[in-house]
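The values are calculated or read from the model by the stated rules, or taken from the named source; none is laboratory data. The structure presented is a predicted model; accordingly, all values stated were derived computationally and were not measured. Here the Cβ positions follow ideal geometry from the backbone for every residue, glycine too, while neighbour counts run over all protein chains shown. The accessibility values were calculated without ligands, DNA or RNA, using every heavy atom of the protein model including side chains. Shrake-Rupley method; radii C 1.70, N 1.55, O 1.52, S 1.80 Å.
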Amino acid sequence: MTRVLLTAALLVVFVAAWQGVASLDSVDDLTLASPVETLDALRDDWSLLWDNARVTLVEVALGLAISVAVGVVFAVAMHLSRPLRDAAYPLLVASQAIPIVVLAPILVLAFDYGIGPKLAIVALICFFPITVNLLDGLRSVEPGLLKLMRSLGASRLRTLRTVELPASLPYLFSGLKIAATVSVIGAVFGEWAGADEGLGRLVLLGNNQLQTPRVYAGIVLLTLMAVALFALAALAERLACPWNREERPE
Amino acid sequence: MSTKVEAPVPEPLSLERNGVELTGVSRSFGAITALEGLDLRVRPGEVMAVVGPSGCGKSTLLEIVAGLQEPDAGSARAGAGPSASSAATRRAACAYMPQRDLLLPWRDALGNAALALECQGVARAEARRRAEPLFERFGLADFERSRPAELSGGMRQRVAFLRTLLPGRPVLLLDEPFGALDAITRGSMQEWLAGALLAEPRTVLLVTHDVEEAVFLADRVAIMSARPGRIVATLHVPLPRPRRLTDARLVELRAAALEALA
Ligand SMILES: Nc1ncnc2c1ncn2[C@@H]1O[C@H](COP(=O)(O)OP(=O)(O)OP(=O)(O)O)[C@@H](O)[C@H]1O
Ligand SMILES: [Mg+2]
């Protein structure tokens, strides 16, 4: 409870400072919209903002779903095969060095203005934290447990299913929480490279048309989206691994 | 703990042919020689305790018998038949209870007890159904749905015992089963295990560093030297069961064992 109050207090301080800076005479209204102007834009342009937000939300949700599927498959495959892990790890890291800003237009050229390029970009950024975290989890399973399973005559697959995967669920969710926060950025990049709709495109357009309050309203919505996705992942974690909390002596 | 334990075993055990035999076993980890030229025989149906100082290679010894490690030199046999020296046969013959209970925190007690059966290919629901009737006899009634974090140390240990005993393997390997328990719980668990083994005899190799526990539970007590571990003496405990810890002869044997250890 005190945590929530502290967060709220910090937020109030931040908004007040924002309002203060925006009200200074030396600050151009076109550079910085005040919180009040942003709120006005949120109200006046709500239906436009909401329609575009829904498009972006679908891109983010589908992209995240793809990255979870890909991330889990990669992590499990790399866990089961040592040579594959050694060979694929450098490539995984390299995939994160690809400059998305350059890649996005190329994908749009290849796949057109549809949802495809956005999903590809979201998945490309998001599968990485999921794969790396889950792989760490799979590799850090208590060796004694693996010995026990071997003494019980368990097959490799059963050990994976009944011990290693459940034990690394918390790691998977850690990866998912990181992925959830960066997924929105991925979708925005995808839309900037070429799109007919979406919050990212709306923000870019608003910028060009000097509609600064609308740009800020869009940014606020994108931020809220990332925070909500993070909270959702945290909630899912709590529901999926309640034992993880009991175990830890606070 | 006066809980009566009946055989949770699907078929009768052929104790006559299921012993343990280690001959000239050596095992090193890098520069550390854990075991050197160790000989040990456990007769079928016998309870053998192994006592020794910490780090002398007791867990290593059990893991070799259990088929989880191979000796660098010498041979290990457990179970029956001509193939008893292969690791796979040893694994199949032995029920191994590790030093820590290693319960799965996301499974309830029943699910943890059923794990061993599942690993033998029994469907999960069926395995749980078979484990359930034993909870009462193990003093765990009404805790079937509790997760390990909600159980006391003694109860967790009993769930681990249940998991170990359920597949009905003839050779029981126990690695300091009560080492992590407080003195009072340990005492009642020792009595409980004595009762369980009386009701359902098995070939038992029990590792402990508690000499009192060894003479209370075992037919014979093997004394191990500090690293590199070897058996330096073997004591017979020719006392009838049920035994009492306060029995004068038991106290005498305990003193003799302590002397052999020193
Ligand atoms: N996997 C391993 N790698 C390296 N060294 C090991 C390994 N397993 C055991 N050892 C070493 O072998 C020696 C014997 O270990 P072991 O666990 O068998 O002793 P123990 O008698 O069971 O000790 P304790 O009473 O503390 O349980 C120790 O010095 C330990 O450090
Ligand atoms: Mg040990």
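Data table
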read-out	value
Cut-off 18 Å, label 7 Å out along Cα→Cβ of B:Arg129, residues of region B:161-186 by amide N	B:167
Candidates A:Val58, A:Val12, A:Val184, ranked by Gaussian network fluctuation over chain A, Cα under 10 Å, top entry	A:Val12
Long-range HN-HN contacts of B:Ala95 with modeled amide H, under 5 Å	B:Val171, B:Leu172, B:Leu173
Rounded percent of accessible protein surface that carbon and sulfur make up, chain B, 1.4 Å probe	51 percent
Lys/Arg +1, Asp/Glu -1 at C-beta; region A:135-250 dipole; positive extreme among A:Gly186, A:Leu172, A:Thr159	A:Thr159
Label-point separation in nm, A:Ala234 to A:Leu205, each point 7 Å along Cα→Cβ	3.4 nm
Straight-distance crosslink candidates among aspartates and glutamates, where the alpha carbon sits under 12 Å from A:Lys177 and sequence neighbours closer than 8 are dropped	A:Glu237
Total accessible area lost when B and A pair, probe 1.4 Å, Å² to nearest 100	2000 Å²
Sites A:Leu91 and A:Val182, calculated FRET efficiency, Cβ-Cβ separation with R0 22 Å, nearest 0.05	0.65
R0 of 35 Å, Cβ-Cβ distance A:Leu6-A:Ala69: FRET efficiency to nearest 0.05	0.40
Highest-fluctuation residue, B:Pro238, B:Pro44, B:Pro228 considered, GNM on chain B with Cα pairs under 10 Å	B:Pro238
Local electrostatic count, A:Ala236, Cβ distance below 15 Å [Lys/Arg +1, Asp/Glu -1]	+2
Length added when fully stretched, B:Ala88-B:Arg249, from 0.36 nm per residue minus Cα-Cα	53.9 nm
Size of electric dipole in region A:76-228: Cβ of Lys, Arg +1 and of Asp, Glu -1, about Cα centre, debye, nearest 20	660 debye
1.4 Å probe accessible area per residue over chain B, in Å²	41 Å²
Most mobile listed residue (B:Ala248, B:Ala114, B:Ala149) in chain B, GNM with C-alpha springs under 10 Å	B:Ala248
Inter-label distance for B:Arg41 and A:Leu146, nm, one decimal - labels placed 7 Å from Cα along Cα-to-Cβ	3.8 nm
Hz values of 3J(HN,Hα) by residue in region B:37-51 - Karplus curve (6.51, -1.76, 1.60), Gly and Pro given as x	x, 8, 10, 7, 10, 10, 6, x, x, 8, 9, 10, 9, 10, 10
Cα coordinate range in the protein assembly as shown, projected on the principal axes (Å, largest first)	98, 47, 45
Amide hydrogen neighbours beyond the local backbone of B:Ala233, cut-off 5 Å, H modeled	B:Ile223
J(HN,Hα) series, region A:164-169, from Karplus relation 6.51 cos²θ - 1.76 cosθ + 1.60, nearest Hz, glycine and proline x	5, 5, x, 5, 9, 3
Amide proton proximity set for B:Ser146, modelled H, under 5 Å, gap of 5+	B:Ala109, B:Leu110
Label-point separation in nm, A:Val13 to B:Asp142, each point 7 Å along Cα→Cβ	5.2 nm
Percent of beta bridges antiparallel (DSSP, the protein assembly as shown, rounded to nearest 5)	50 percent
Local electrostatic count at A:Gly63 - Lys and Arg +1, Asp and Glu -1, tallied over other residues with Cβ under 14 Å	-1
Per-residue HN-Hα couplings for region B:75-83 [Karplus 6.51, -1.76, 1.60; θ = phi - 60°; Hz; x = Gly/Pro]	10, 10, 10, 8, x, 10, x, x, 8
Around A:Tyr113: net Lys/Arg minus Asp/Glu count, Cβ-Cβ under 14 Å	-3
Normalised contact order of region A:86-193, rounded percent, pairs of Cα under 8 Å and 6 or more residues apart	44 percent
Chain A - accessible surface per residue (Å², probe 1.4 Å)	54 Å²
